[in-house]
Amino acid sequence: MIYKANKGQTSYGEAVGIILMESFMPFPPGCPGNATTFSFPVRYANVKGANMEKLVYQGDPELLQPFIDAGWDLVNEGVKAITGNCGFMVLYHEVMAKEFPVPVFMSSLLQLPFISRMLKPGEKIGIITASAKTLTPKHLQIATNGADLPLAIAGMEDQKHFYDAIHAEVGELDFDAVEAEVVQVTQNLIAKEDNIKAILFECTDLPPYAAATQQAVGLPVFDFTTMINYVYSGLVRRRFEGFC
């Protein structure tokens, strides 16, 4: 077998590139920003200035070019697909998808049409987001390509431990306390809204609590990791082993 070098590429074997926003918070296993979340190597690019204020609260269009620059860095370093570490990056998805020669999937919200097709007509997807106050119809329109899906939304922005770690960026995270908040917010949404049959975590900081949430509510729970693992399974196919 002959291997060939790619110009400008100094490491190999990282199929998924993850664009990181600038933050001061720990990433427990389960977060895309923690490389041990995955059973395969990933590559990171950080966008300075892409903080909570500009990305989640403002949806600043001036972040688009830095995201594109980071994406090209990842492509030139050999990745086969590009994602991010915040569901609100969906605002830049369409432009970035046109920009790059590799697949782009910038938000866990992109799973909404797929999840909806798994359910009966009229059954809802419950979205748990970092900020329900700033998750707008525009975010959802881009994610669903305009499809009108039955959704119910709850935010984590008023939960003290989550807010302190993720929004206020105090620099530490009480895992057990945040987990309890995520479970409670999800349970409250299901109690409030009829006919929720699946949960989707918008925020990349929520997957560490997916197992506890599923145990509490008994529903399928989707997040950034389910999306990244799904895309990777298509990027890197392996021969099946077994017998017949």
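Test Phe114 against the stated conditions and say whether it is at pLDDT 95 or above, outside the structural domain of Phe201 (by TED's automatic domain parsing) and surrounded by fewer than 21 Cβ atoms within 10 Å (Cβ to Cβ). No: the conditions fail for Phe114.
Within the stretch 62-74, residues that are of a type in the set (Gly, Ala, Ser) sit with their Cβ atoms under 8 Å from residues that are in a helix (DSSP H, G or I), at 6+ positions apart or across chains, in these pairs: Gly71/Met96; Gly71/Glu99. Can you find a residue that is crowded, with 16+ Cβ neighbours inside 10 Å, over 18 Å from the mean Cα position of the chain (by Cα) and more than 21 Å from Thr37 (Cα to Cα) anywhere in the stretch 193-215? Yes.
Inspect the stretch 101-115 for any residue being more than 28 Å from Val236 (Cβ to Cβ) and outside any loop (DSSP other than H, G, I, E, B) and give the result as yes or no. Before you say what the answer is, go through the steps one by one.
Looking only at the stretch 101-115, we keep the residues that are more than 28 Å from Val236 (Cβ to Cβ), and these are none.
No, the conditions are met nowhere in the stretch 101-115.
Return the residue satisfying two criteria in turn: it lies in the stretch 57-75 and is more than 16 Å from Val95 (Cα to Cα) and in contact with a strand residue (DSSP E or B) (Cβ under 9 Å, 6 or more places away or on another chain), and of such residues it is surrounded by the most Cβ atoms within 10 Å (Cβ to Cβ). First the steps, then the outcome.
Going residue by residue through the stretch 57-75, those that are more than 16 Å from Val95 (Cα to Cα) are 57-58, 73-74.
Narrowing the set further to residues that are in contact with a strand residue (DSSP E or B) (Cβ under 9 Å, 6 or more places away or on another chain) leaves 73-74.
On the way: Asp73: 16, Leu74: 24.
Among them, the one singled out is Leu74.
The values are calculated or read from the model by the stated rules, or taken from the named source; none is laboratory data. Note that the structure is predicted; figures quoted are calculated from it, not measured. When we count neighbours, we look across all protein chains shown, and the Cβ atoms used for this are built from the backbone with ideal geometry, even at glycine.
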